[in-house]
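Encoded as structure tokens, the structure appears first; notes follow it.
The values are calculated or read from the model by the stated rules, or taken from the named source; none is laboratory data. Since the model is a prediction, treat every value here as computed from it, not as a measurement. A quick note on method: Cβ atoms are made from the backbone with ideal geometry, for glycine too, and the neighbour counts reach across all protein chains shown. For the accessible areas, the whole protein counts, side chains as well, though only heavy atoms, and no ligand, DNA or RNA atoms are used. Shrake-Rupley method; radii C 1.70, N 1.55, O 1.52, S 1.80 Å.
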Amino acid sequence: MLANANFINGLWILLGIIVCYLFVLIPILIYYAIQHMRSPQLILLPEEDWNDFLTEKCKIESDWAQSMRYEMVGIYRWQQNFILAWESVNDATFFQVTLSPYGRFHSFTTVFEEDYSLVTANDRESLIFPAPPRRFVQSFGIEQTDLLSDKHLTAVDDLMKIKHLQLREQLPCFEEDYLSSIQQQHEHVRSVLFYPIRGIWWYHIGRRAKFNRPIDLQQAVLDN
């Protein structure tokens, strides 16, 4: 009987931990994540500190960017992350490498006229929050930069055909565009009623459902 009672008590404790994780911890984490977006700051590293990133930590990405005619914009620090940014000579696209305590992530961002943009990344975290109007976000579990770039360019072509979007003639300042996108995300999420609670679905279901799936062009036309 004592063994059975201990087993049942253990199940109740496990259930309590799961409930606290789902309905207490996740909403708190979502709330504070959004609060950190309120006044984001990028710290540009001095150029003399770039060499370690470009020749060692991110040499593969640096060589790829150079071969694809991307020019270095800068290396920044945001919270615990280091962000390396390049801009394309050929079109209105940024290439970004983020080094975080959780890993290395790549993304491409193309900006269009009328404040439209497309982000293609390779991390699920980019899909946690609902995208603001006129921003399209997709993410794939792809490590190869070439393949991720191909996915991005395909979506760019689709948006230009389906939505009749036009590329910006001149890229905005990376720092201003990056900070603006974070602030827009902050404002959009805060406009959602009970967003910390809704974050339970976004974190556990939404980001997994959208991962490895290209943007839904039909839905994009309806929503934007």
Just need a number here: residues in region 168-197 that are free of Cβ contacts under 8 Å to residues at least 24 places away in the same chain and of a type in the set (D, E, K, R).
-> 1
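With respect to PHE94, determine if the residue is outside the structural domain of TYR32 (by the TED database) and in contact with a Ser or Thr (Cβ under 8 Å, 6 or more places away or on another chain). Spell out the reasoning first.
On the way: outside the structural domain of TYR32 (by the TED database): yes; in contact with a Ser or Thr (Cβ under 8 Å, 6 or more places away or on another chain): yes.
For PHE94, the condition - outside the structural domain of TYR32 (by the TED database) and in contact with a Ser or Thr (Cβ under 8 Å, 6 or more places away or on another chain) - is met.
Within the bounds of region 95-102, is there any residue that is under 17 Å from CYS173 (Cβ atoms) and of a type outside the set (D, E, K, R)?
Scanning region 95-102, I find at least one residue that is under 17 Å from CYS173 (Cβ atoms) and of a type outside the set (D, E, K, R), so the answer is yes.
Take the residues in region 161-216 that are in a helix (DSSP H, G or I) and small (Gly, Ala, Ser); name whichever of them is nearest to SER39 (Cα to Cα). Walk me through it before giving the result.
From region 161-216, those in a helix (DSSP H, G or I) are 161-162, 174-190, 195-210; that's our starting set.
Cutting the leftovers down to small (Gly, Ala, Ser) gives us 180-181, 199, 206, 209.
Numbers: SER180: 10, SER181: 12, GLY199: 21, GLY206: 26, ALA209: 30 Å.
For region 161-216, the residue satisfying everything is SER180.
Kindly check whether there is at least one residue in region 50-57 that is modelled with pLDDT of 65 or more, among the polar types (S, T, N, Q), open to solvent by less than 100 Å² (accessible area, probe 1.4 Å) and not assigned by the TED database to the domain that holds THR98.
Filtering region 50-57 down to residues modelled with pLDDT of 65 or more leaves 50-57.
Next cut, among the polar types (S, T, N, Q) only: 51, 55.
After this cut, where a residue has to be open to solvent by less than 100 Å² (accessible area, probe 1.4 Å) as well, the list is 51, 55.
After this cut, where a residue has to be not assigned by the TED database to the domain that holds THR98 as well, the list is none.
Within region 50-57 (the criterion being modelled with pLDDT of 65 or more, among the polar types (S, T, N, Q), open to solvent by less than 100 Å² (accessible area, probe 1.4 Å) and not assigned by the TED database to the domain that holds THR98), the answer is no, since none of the residues qualifies.
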